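The values are calculated or read from the model by the stated rules, or taken from the named source; none is laboratory data. These figures come from a predicted structure and were not determined experimentally. We place every Cβ from the backbone using ideal geometry, glycine too, and count neighbours over all the protein chains shown.
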Amino acid sequence: MAQRIKIGKSTVTTTPLGLGTNKVGGHNLFDGLKDEDGVEVVKAALEDGISLLDTAYMYGLGKSEEIIGNVTQDYDRSKFVIATKAAQDPNNDLKPNNDPKFLKKSVDDALQRLQTDYIDIFYIHFPDDKTPKAEAVQALAEEKKAGKIKAIGVSNFSLDQIKEANADNQVDIVEDNYSLVHREAEKEEFPYLKEHQISFVPYFPLSSGLLTGKYTPADNSKFSRFSSKQYTAIMAALEKVKAIAVAHQATVAQTILAWYIKNQNISVVIPGARVADQVHSNAQAMDITISDDEFKQIDQLFKQF
């Protein structure tokens, strides 16, 4: 099983593969979800040695946190890590709110839904357009001092907003959209994070299923953000990843996840799952070690993105 990863400058450590839980109770985000499936997804993660559960108020407007809170009562709290996020204000059409009072109340509300005494990682989910970011982070630093949270994160912040938030060097972790086909963060964000000992977590690491290898050249219309030329290039790259996957007796998705795990710029990768079987499959990525040459090959295959 893979080693433990330290989160930023905090005391939090986790496995390099976590579980994204937007499909656990996220009825406002996905159609056809079943809460009983969500329960089994969380159980599968914990039983497969995945220690990080990544959730948010926005996943079901608290429902995901409630499901996780109920399930985790049967597990040793010291053996898993909970990350959650808040910003969407239920009293203002779910618009982002980074006001210190709102964030502190959000921490208390999340603790109640999660039925726990502390939250390992608490993120500001989205920036608002008025609160000074250092003030917002200072509010979370006070919650950290009070023992309610252990690590401070920001999500969906631009590089300038990350710098402002980290004015007092208190940000431990950043979560942002990143994958082999969405690599903008590499240029400026990664060097800053490395310099300031800030961990990075990519969301959409499998690009909404595109990088699992389950789609064909005929499915281009499902991924309209890519031109037909780009989509053709992605399909060709995935064919070459399949050869690496076969060598490891792995799936394409497991091989891509293993690439993220080996990537020094990434602390934890958090693929989502709708059903428990997907969790079991993703967890096996922690047992796959791709070589330096295979890492470079995959890197080059997607370099244009």
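General remarks:
- Subset tally (residues that are modelled with pLDDT under 95 and in contact with a helix residue (DSSP H, G or I) (Cβ under 7 Å, 6 or more places away or on another chain)) for the range 182-212: 1
- Within the range 43-73, the set of residues being over 18 Å from Gln284 (Cβ atoms) and either in a helix (DSSP H, G or I) or modelled with pLDDT under 95 (or both) comprises Lys63, Ser64, Glu65, Glu66, Ile67, Ile68, Gly69, Asn70, Val71, Thr72, Gln73.
- Qualifying residue in the range 177-189 (condition: part of a strand (DSSP E or B) and aliphatic (A, V, I, L, M)): no
- Among the candidates Glu175, Glu184, Glu195, Glu188, the residue that is under 30 Å from Ala258 (Cβ atoms), crowded, with 20+ Cβ neighbours inside 10 Å and of a type in the set (Asp, Glu) is uniquely Glu175.
- Phe223 vs. criteria touching a Phe, Trp or Tyr at 6+ places or on another chain (Cβ under 7 Å), within 25 Å of Tyr59 (Cβ to Cβ) and free of Cβ contacts under 8 Å to residues at least 40 places away in the same chain: yes
- Restricting attention to the range 227-260, the residues that are crowded, with 22+ Cβ neighbours inside 10 Å, among the β-branched types (Val, Ile, Thr) and out of contact with any His (no Cβ under 7 Å at 6 or more places or on another chain) total 4.
- Pairs where the first residue, in the range 1-19, is closer than 13 Å to Ile82 by Cβ and the second is modelled with pLDDT under 95 and surrounded by fewer than 21 Cβ atoms within 10 Å (Cβ to Cβ), C-beta under 9 Å, 6+ apart: Thr14/Arg4
- Only one of Lys95, Lys63, Lys85 that is surrounded by fewer than 22 Cβ atoms within 10 Å (Cβ to Cβ), charged (D, E, K, R), closer than 18 Å to Leu29 by Cα and in contact with a His (Cβ under 8 Å, 6 or more places away or on another chain): Lys63
Every residue, every condition in (1) assigned to a loop (DSSP other than H, G, I, E, B); (2) of a type in the set (Phe, Trp, Tyr); (3) touching a Leu at 6+ places or on another chain (Cβ under 9 Å), yes or no:
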{"position": "Ala167", "(1), (2), (3)": "yes, no, no"}
{"position": "Gln197", "(1), (2), (3)": "yes, no, no"}
{"position": "Pro202", "(1), (2), (3)": "no, no, no"}
{"position": "Ser207", "(1), (2), (3)": "yes, no, yes"}
{"position": "Ala218", "(1), (2), (3)": "no, no, no"}
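- Among residues of the range 74-90 being under 19 Å from the mean Cα position of the chain (by Cα) and assigned to a loop (DSSP other than H, G, I, E, B), the one that is farthest from Leu19 (Cα to Cα) is Ala87.
- Within this structure, Asp277 fails the test of being acidic (Asp, Glu), surrounded by 13 or more Cβ atoms within 10 Å (Cβ to Cβ) and assigned to a helix (DSSP H, G or I).
- Residues of the range 104-138 satisfying the condition of being in a helix (DSSP H, G or I), over 20 Å from the mean Cα position of the chain (by Cα), surrounded by fewer than 23 Cβ atoms within 10 Å (Cβ to Cβ) and without any contact (Cβ under 8 Å) to a residue 40 or more places away in the chain: Lys104, Lys105, Gln112, Lys133, Ala134, Glu135, Gln138
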